[in-house]
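The values are calculated or read from the model by the stated rules, or taken from the named source; none is laboratory data. As the structure is a computational prediction, the values presented were derived from the model and not from experiment. Ideal geometry is used to build each Cβ from the backbone, glycine not excepted, and the neighbour counts take in all protein chains shown.
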């Protein structure tokens, strides 16, 4: 099983469905995917490879996620997403 297949296989298990948190709308598909890969601890380059998009695009999605969550760092974005119930437990992956 390749990396992309592995991460996409677990993607649906990690992210809570859009619209379940009225205070945050990560409506763009790419932002949702980037958020769950951030939660898995991947860096921009790895996320770009797994989603077949450019590293610059990933960086922009991370900026958008941080802005929507009102945080300054990637780690804070993941923590805030978990706090808000946007991410299921990712420690087992």
Which pairs turn up if I take residues in the range 65-78 that are buried (at least 19 other Cβ atoms within 10 Å of the Cβ) and look for partners that are at pLDDT 95 or above and not in a helix (DSSP H, G or I) with beta carbon separation below 8 Å, at least 6 apart in sequence or on another chain?
77/71
In contact with a strand residue (DSSP E or B) (Cβ under 8 Å, 6 or more places away or on another chain), part of a helix (DSSP H, G or I) and under 14 Å from residue 34 (Cα atoms), is that true of residue 81?
yes
Please determine whether any residue of the range 50-66 is in contact with a strand residue (DSSP E or B) (Cβ under 6 Å, 6 or more places away or on another chain) and at pLDDT below 95.
no
